[in-house]
1. Give me the strands (runs of 3 or more DSSP E) completely within the stretch 356-465, filtered to those with at least 2 residues that are open to solvent by 20 Å² or more (accessible area, probe 1.4 Å), ordered by residue number.
2. Limited to the stretch 154-183, what total is found for residues that are assigned to a loop (DSSP other than H, G, I, E, B), within 16 Å of the chain's Cα centre (by Cα) and modelled with pLDDT of 95 or more?
3. Kindly provide the set of residues from the stretch 669-698 that are among the polar types (S, T, N, Q) and touching a Gly at 6+ places or on another chain (Cβ under 7 Å), ordered by number.
4. Somewhere in the stretch 525-537, is a residue open to solvent by less than 30 Å² (accessible area, probe 1.4 Å), in contact with a Cys (Cβ under 8 Å, 6 or more places away or on another chain), more than 19 Å from Glu386 (Cα to Cα) and not hydrophobic (A, V, I, L, M, F, W, C)?
5. Could you run through the stretch 47-79 and say how many residues are surrounded by fewer than 16 Cβ atoms within 10 Å (Cβ to Cβ) and modelled with pLDDT of 95 or more?
6. Just to be sure I understand the filter: pairs with C-beta atoms under 6 Å, separated by 6 or more residues or on different chains, first member in the stretch 353-379 and more than 22 Å from Gly462 (Cα to Cα), second member modelled with pLDDT of 95 or more and not in a loop (DSSP other than H, G, I, E, B). Which pairs pass?
7. In the stretch 96-126, which residues are in contact with a Ser or Thr (Cβ under 7 Å, 6 or more places away or on another chain), open to solvent by less than 30 Å² (accessible area, probe 1.4 Å) and assigned to a helix (DSSP H, G or I)?
Amino acid sequence: MVPYGQQDDQEVAWFTGSDPCWLPARRAARLAAARTTLLGDDPVTAALGEDLRALAGPTGGPGPAEDDTTGRHLVVGTLERLTPEVLGTELTAALDSADVPAGEGFAVLARGGRVLLTAARPAGLRHGLGWLLRSQPGGWPAGDLVHVEEPRVDLRVLDHWDNMTDGPMGVVERGYAGDSIFFADGRVRTDAAALARVRDYARLVSSIGVNAVCLNNVNVHAAEAHLLDEHLDDVARVAAVLDAHGVRTLLSVDFSAPISLGGLDTADPLDERVAAWWAGVTKRVATTLPGFGGYVVKADSENRPGPHTYGRTHADGANCLAAALAPFDAVVFWRCFVYDCHQDWRDRSTDRARAAHDHFARLDGQFAPNAVLQVKNGPMDFQVREPVSPLLGALPRTGVAVEFQITQEYTGQQKHLCHLGQQWSEVLRFDLHAHGGGEPLRVADVAARSRRAGGALTGVVGVANVGTDANWTGHALAQANLYAFGRLAWDPGLDPDLLLREWVEQTFELPADLAGELVEVMSRSWAVYESYTAPLGVGWMVRPGHHYGPDVDGYEYTPWGTYHFADRDGIGVDRTVATGTGYTAQYPAGWARVYEDVRTCPDELLLFFHHVPYSHVLAGGSTVVQHVYDTRFAGVEAVEESAATWERIAGHVPAATAENVRQRFAEQLRSAREWRDQVNTYFFRKSGVPDAAGRRIH
């Protein structure tokens, strides 16, 4: 037992040089004033004690509030550390009646001015502290309570696409918030300031339930391959900081590492020498890194090496690494982003959308228990509007993780406001068995461990959106995407508007009416972004390479398989069984019928599934081409309204935040007008149909 007041006098800052986002010290005024007893000397409990000390300290927190003189006492410890002598009669009785979950769940019990924060495992204490800070005034229960909570999802992961050196796509591939917080100049960042930044990051993500972080890009370059050997000790310093906050460390690895690092002449996953090499390397990694969680692999994808080189399956490849990881309770995340990136644009029978299901559905049940297939939420690549990937419903005997993109590659690159919580929630609520009868199967059920056969692991993975910018995400309001991801990964059934209200309340001190306006602006921002960019599910109308700004035909004649097939008569991709690529047949029967028929296909996905004339009438009564015109104009007007709303809010937030968001809205409005004019002009010139409202189209 370590009473809080008996710790050494070293001063610990709460957040150092970076925005505390949804964890401002003011949220913990009452908690910070409490006398605290920490039970245990494990790294997580010790770090949690440092956090409480930082909140109460003269530089890190608000200090005792005037009404915090009533002898509040906080007890923190895992179940195995609790004794009646420490808890006292009332807390002991409360604990006896509470069903504290196993794993990473937690319990908060309050009785007579005393509060117990407990969990079966230390990581649960971090999640419980996050709950106290977001849900209780000043971080302290107002009265007696028993609150027990556990995650619905096993693996809640942030994938960083960070590189050790600057490359064609920057230090952070698809990063829009500065450089990597982990790497610089070909090295792992282990200076005091960098590790303090990692500590701040760990505080943020553990508070919302994230339990693993992959440090490096899934596209593993030569420098990053050596994270497994010459840089391993430096990685361990970063991993120790994450581990102390209940966050495990993952590494992306190159499938051909047995050749490039091990000197073998093959990476064949069924070769005994290859298996032995992975076993040896993994043992060294697992025994060096505190909290090592496993590997992330991108194989046979976009020119990356993989098992197909040797005539092996993805199950063969994943299971080779899974066997090496199994002794260390670690997991291989095997990405299903596998498709032909050398497609002939003249060939309409080849369909990129089909690829993941074609490759992986037939392998269901062949993967090791600690192999998890990482499936993108849609069949293409994080477009603003895609159907749900049918592969998510085709792997009942396999561990599955749903992958989302928090960083806004195709949704405005953190220059545009585009809150993605609504999009992710729509995907998670999608019932794969709808229209066909039988028991519902929502994507959230696929991600929730209770629905998996044979104890297969489940996960929700997000491509991270943070960097070295002081506000973490470039656009200050993009912090809400990181927050929403963590909360939905913990519980996929949460209401995205509720999460927005949580984030706004924690992050800013706004009058109630302005807080409501900000929630409304952010809640509709995904729909607004969609309204001036990609119409009716067609996607990909972006500048090739960097993917920012409009270019309607930018990808139309490339080998990437990202086509819209617009001509003088119509637009869209025919993915029907009757006359197209047959993609609709990958869905369960109910959805297959809905998507196959142009009369029942939802308007927002019409052009994803069907090639239709511009005169085709949508369910709402508008023609396709008139819908394009109307939504482009409406989208620009909505951005203007959102920018005006921000001006009413700006005087109530820090000046730096006010100016950051003001500048972002200025760029979003400029870009939205460009999108409007280019897309409308393109379709006017293709179709020859004028705007029924007589507005100017160039």
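The values are calculated or read from the model by the stated rules, or taken from the named source; none is laboratory data. Given the structure is predicted, the values throughout are model-derived calculations rather than measurements. Because the Cβ atoms are built from the backbone with ideal geometry, glycine has one as well, and the counts that use them run over all protein chains shown. Surface areas here come from the heavy atoms of the whole protein model, side chains and all, with no ligands, DNA or RNA. Shrake-Rupley method; radii C 1.70, N 1.55, O 1.52, S 1.80 Å.
1. Working: elements: 371-376, 399-405, 458-463.
It comes to none.
2. We begin by selecting, within the stretch 154-183, every residue assigned to a loop (DSSP other than H, G, I, E, B); these are 154, 160-161, 163-171, 173-182.
So of that shortlist, the ones also within 16 Å of the chain's Cα centre (by Cα) come out as 154, 160-161, 173-177.
If we keep only those that are modelled with pLDDT of 95 or more as well, we get 160-161, 173-177.
Qualifying residue count, the stretch 154-183: 7.
3. As a first pass, look at the stretch 669-698 and keep what is among the polar types (S, T, N, Q): 671, 678, 680-681, 687.
Scanning the stretch 669-698 gives a single hit, Ser671.
4. Looking for residues that are open to solvent by less than 30 Å² (accessible area, probe 1.4 Å), in contact with a Cys (Cβ under 8 Å, 6 or more places away or on another chain), more than 19 Å from Glu386 (Cα to Cα) and not hydrophobic (A, V, I, L, M, F, W, C), one finds none in the stretch 525-537, hence no.
5. Here the count works out to 1.
6. Once the first residue is more than 22 Å from Gly462 (Cα to Cα) and sits in the stretch 353-379, its partners that are modelled with pLDDT of 95 or more and not in a loop (DSSP other than H, G, I, E, B) give Arg354/Tyr583; Leu363/Ala315; Gln366/Ala315; Phe367/Ala315; Phe367/Ala318; Ala368/Asn319; Ala368/Ala322.
7. Those that are in contact with a Ser or Thr (Cβ under 7 Å, 6 or more places away or on another chain), open to solvent by less than 30 Å² (accessible area, probe 1.4 Å) and assigned to a helix (DSSP H, G or I): Leu125, Arg126.
A quick yes/no check of all residues on (1) out of contact with any helix residue (DSSP H, G or I) (no Cβ under 6 Å at 6 or more places or on another chain); (2) crowded, with 18+ Cβ neighbours inside 10 Å; (3) among the small types (Gly, Ala, Ser):
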residue: Thr581; (1), (2), (3): yes, yes, no
residue: Asp597; (1), (2), (3): yes, no, no
residue: Tyr614; (1), (2), (3): no, yes, no
residue: His627; (1), (2), (3): yes, yes, no
residue: Glu640; (1), (2), (3): yes, no, no
residue: Thr645; (1), (2), (3): no, no, no
residue: Leu669; (1), (2), (3): no, no, no
